[in-house]
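One structure is given here, and the rest of the page talks about it.
The values are calculated or read from the model by the stated rules, or taken from the named source; none is laboratory data. As the structure is a computational prediction, the values presented were derived from the model and not from experiment. All Cβ positions, glycine included, derive from the backbone under ideal geometry; neighbour counts span all protein chains shown. Ligands, DNA and RNA are stripped out before the accessible areas are found, and what is left, the full protein with its side chains, is counted by its heavy atoms. Shrake-Rupley method; radii C 1.70, N 1.55, O 1.52, S 1.80 Å.
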Amino acid sequence: MRVLVVEDEPLLADAIAEWLRDEAHAVDIAYDGGAALERLHVHAYDVVVLDRDLPVVHGDDVCREVVGSESPARVLMLTASAEITDRVGGLALGADDYLTKPFAFPELAARVHSLGRRSRPAAPPVLTRAGITLDPARHQVFRDGHYVPLSKKEFAVLAELLRADGAVVSAEFLLEKAWDEHVDPFTGVVRLTILKLRRKLGEPSVVETVTGVGYRIP
């Protein structure tokens, strides 16, 4: 998934991003509401982890922008206040979930994963196709019953190909979902990741290249 973390405390923002990257998500960071709006206008995010009390543009206004733009992104709002009225107010703005600080990183990651599933068409918890089984919760992949060790990016790319259910997935889409904004789109990183993925999954190859269009698992 592609996640935007919006938090004005750099240490906390970086810690959240690092934890989510360990879960194989592509994560961008914005340290104020203005920077968040700029990124939201450029990238299609699945989940926005949004601190409510932000400089430049308040978190409430960022939330309104996400909801008003009819973006499929789900909003997980963060706040230091545990008051019921604050939680109700955040949800009334259109936030999909609410988490008070301090929080446990495993809980935040679980909530992000749950919201990400809601931002897309329903998919089974375990993805299977062409003899491949991918379990997002356990971060495990098997082919014909044999465990296949994958890197985080290989896992993320394979998950997108399986979610496509046989449809062609473009390199641009894979780049958007599996890498953050710092990747150079001209490095051929998607092609290289596909080559490594094919090698690890073994023969016969299950990932097809559709010339000029993208990749698919038929």
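Points to keep in mind about this one:
- Compared with the direct C-alpha span, the chain from LYS196 to GLU107 gains 28.8 nm at full extension, assuming 0.36 nm per residue.
- Segment 126-217: C-alpha gyration tensor shape, a/c 1.5 cut-off, then a/b vs b/c: prolate
- The length gained on full extension between ARG64 and THR100, counted as 0.36 nm times the residue separation minus their Cα-Cα distance, comes to 11.0 nm.
- Theoretical gain in end-to-end length, ASP53 to GLU172 [0.36 nm per residue, Cα-Cα removed]: 39.5 nm
- Calculated on the alpha-carbon coordinates, the convex hull of the chain measures out at 121 cubic angstrom per residue.
- Most positive-pole-ward Cα, GLY34, ILE16, PRO55, against dipole of segment 14-86 from beta carbon charges: GLY34
- The alpha carbon centroids of segment 1-24 and segment 117-178 are separated by 22 Å.
- Shape call, segment 1-68: gyration tensor on alpha carbons, a/c limit 1.5: oblate
- Angle between the chain longest axis and helix 59-68 axis [Cα atoms, degrees, rounded to 10]: 50 degrees
- Scanning the chain for GluC sites (Glu not before Pro) in DSSP loops with at most 13 neighbouring Cβ atoms within 10 Å leaves 84-218 as the longest stretch between them.
- Expressed as a whole percent, the accessible area of the chain that falls on carbon and sulfur atoms is 55 (1.4 Å probe).
- Global geometry of segment 1-129, whether rounded, prolate or oblate, following the gyration tensor of its Cα atoms and the 1.5 cut on a/c: rounded
- Helix 152-163 axis versus longest C-alpha principal axis of the chain: approximately 80°, rounded to the nearest ten.
- Crossing angle, helix 189-201 versus the chain [Cα axis fit, 0-90 degrees, rounded to tens]: 60 degrees
- For the chain, accessible area per residue (1.4 Å probe, heavy atoms of protein chains only), Å²: 49 Å²
- 20 Å cut-off, amide nitrogen to a point 7 angstrom out along THR211 Cα→Cβ, residues in segment 136-172: 168-172
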